[in-house]
1. Would you mind telling me which numbered condition in (1) of a type in the set (A, V, I, L, M); (2) in a strand (DSSP E or B); (3) modelled with pLDDT under 95 Leu390 fails?
2. Answer with yes or no whether Leu121 is outside any strand (DSSP E or B), touching a strand residue (DSSP E or B) at 6+ places or on another chain (Cβ under 9 Å) and either farther than 30 Å from Glu282 by Cβ or touching a residue at least 40 places away in the same chain (Cβ under 8 Å) (or both).
3. Search segment 79-93 for residues that are over 10 Å from Leu66 (Cα atoms) and pair each with any residue that is surrounded by 15 or more Cβ atoms within 10 Å (Cβ to Cβ) and among the basic types (Lys, Arg) when their beta-carbon atoms are under 6 Å apart and the residues are at least 6 apart or on different chains.
4. Modelled with pLDDT under 95, buried (at least 20 other Cβ atoms within 10 Å of the Cβ), in the same structural domain as Tyr195 (by the TED database) and of a type outside the set (Ser, Thr, Tyr) - does that describe any residue in segment 99-110?
5. Scan segment 323-343 and tell me whether some residue there is on the phi > 0 side of the Ramachandran plot and either without any contact (Cβ under 8 Å) to a residue 40 or more places away in the chain or touching a strand residue (DSSP E or B) at 6+ places or on another chain (Cβ under 7 Å) (or both).
6. Pairs only if they're at least six apart or on different chains, beta carbon under 6 angstrom, first in segment 51-69 and modelled with pLDDT under 95, second surrounded by fewer than 16 Cβ atoms within 10 Å (Cβ to Cβ); list them, first residue then second.
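The values are calculated or read from the model by the stated rules, or taken from the named source; none is laboratory data. Not measured: the values here are computed from a predicted model. Heads up, the Cβs are rebuilt from the backbone with ideal geometry, glycines too, and the neighbour counts pull from every protein chain shown.
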Amino acid sequence: MNQPFARKVNGNARENGQRRPLRAGIVALLSVVLTAGLSVAAPTAAQAASVQFADAKLATCVAQHLSLDPGTTSFDSSDLAAITSLDCKDKGIADLTGIEALTGLTSLDISGNKVTDLAALEQIDSLPLSGLAASGQEVDWRIKVGTYNDLPINPWFDGDVFGAKWTKGLTRKVPWLFKADKAGQYAIIAGAQDYDFDIYFTVTAYTIKSFSAPTPKITGTVAVGKTLTAKPGTWKPSTAVLSYQWFRSGKAISGATAQTYTLTKSDLGKKMTVKVTGKQNEYKTATVTSKATGKVKAGTIVAGKVTLNGKAQVGQVMTVATSAADWSPNSVALSYQWYRAGKAVKGAKSASYTLTAADVKKKVSVKVSGALGGYTTRVITLNAGVIAGL
């Protein structure tokens, strides 16, 4: 290991013999990176009285200090401003956002947590360096073997005030990039001169692994209106996060990203495939494609209840009783055609038909058709029988 780099002080840091307050010191060292990109709107009068902490463990610590329920998530700003000393060591805290509301703080112990960003403290003018105990932060860090990885800490340091020592086997280059040549466990200790703050990184270096990914299968009836299901098989490891994309004759279908897909009229005559993609940290993303189905066939329309009402006698009205709502799919368009002795009656295309003298002693029937794009038209024939005269 390299030689230790930092020294800890119990008093205030000094510049040119003058006391350097915590705010000035941290302003000089901190640039907020972890919170970059977050816009904070100015609080309204109603909002100003309530404060929430980003880290639930920090909220619990504050709640316990105030003798509140440990599950408290919203705090009165005046109660927070009245706190002068807070002990939150060894609580597993990783984010200090919200602590700036403790405007009267003069003593803070956050030793032994997981904090990598002290930016929130720079807003507390009342807190001197002598009142801050923040050493012994412990962070688990996983890095990919063979590539430089940026240390997960805000770049609020430079060579004069910040340093690190690290386990043999890790290579470092400016700006604070570390690389491992092989998989294994390593350690990095980083800290700043004049600040009671250091971080112990437990580094796990890993190599990218590959999934065992079987070819997915498609099950279901390959016809318009039917639902296909992608069966991904057993991936190893089973913790892989799977996603799906359906294809129509090799072209991705917009929005078809679920494990199931219902065939539409656009699929008629086409072959379907599905791609399954697996992702997981430390694994190479894998995509496997199913075999194509046969060509999608036309869907089948199921007729609802259809009846013929009326007396089969000249002058009487015969009526077909049915509703598209009872058919499946219920979006079918219904049409009618009446027949006399097997020949279509010109103009007789409504659900009702008035029998005429020309129908006497003839067989009258009606065909009810249900049609829908992508489906085979369904035709139901109803017979009125031989029409009687008066």
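1. If we test Leu390 against (1) of a type in the set (A, V, I, L, M); (2) in a strand (DSSP E or B); (3) modelled with pLDDT under 95, just (2) comes out false.
2. Details: outside any strand (DSSP E or B): yes; touching a strand residue (DSSP E or B) at 6+ places or on another chain (Cβ under 9 Å): yes; either farther than 30 Å from Glu282 by Cβ or touching a residue at least 40 places away in the same chain (Cβ under 8 Å) (or both): yes.
The answer is yes for Leu121.
3. Lys91/Lys57; Gly92/Lys57; Ile93/Lys57
4. Here is the first cut: in segment 99-110, the residues modelled with pLDDT under 95 are none.
There is no residue in segment 99-110 that is modelled with pLDDT under 95, buried (at least 20 other Cβ atoms within 10 Å of the Cβ), in the same structural domain as Tyr195 (by the TED database) and of a type outside the set (Ser, Thr, Tyr).
5. As a first pass, look at segment 323-343 and keep what is on the phi > 0 side of the Ramachandran plot: 341-342.
From what is left, the residues that are either without any contact (Cβ under 8 Å) to a residue 40 or more places away in the chain or touching a strand residue (DSSP E or B) at 6+ places or on another chain (Cβ under 7 Å) (or both) are 341-342.
Yes: segment 323-343 contains one or more residues that are on the phi > 0 side of the Ramachandran plot and either without any contact (Cβ under 8 Å) to a residue 40 or more places away in the chain or touching a strand residue (DSSP E or B) at 6+ places or on another chain (Cβ under 7 Å) (or both).
6. none
Each row is one residue, and each column tells you yes or no for (1) surrounded by fewer than 17 Cβ atoms within 10 Å (Cβ to Cβ); (2) over 40 Å from the mean Cα position of the chain (by Cα); (3) in a loop (DSSP other than H, G, I, E, B).
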site	(1), (2), (3)
Thr273	no, no, no
Gly278	no, no, no
Val288	no, no, no
Thr293	no, no, yes
Leu308	no, yes, no
Gly315	yes, yes, yes
Thr319	yes, yes, no
Asn330	yes, no, yes
Ser335	yes, yes, no
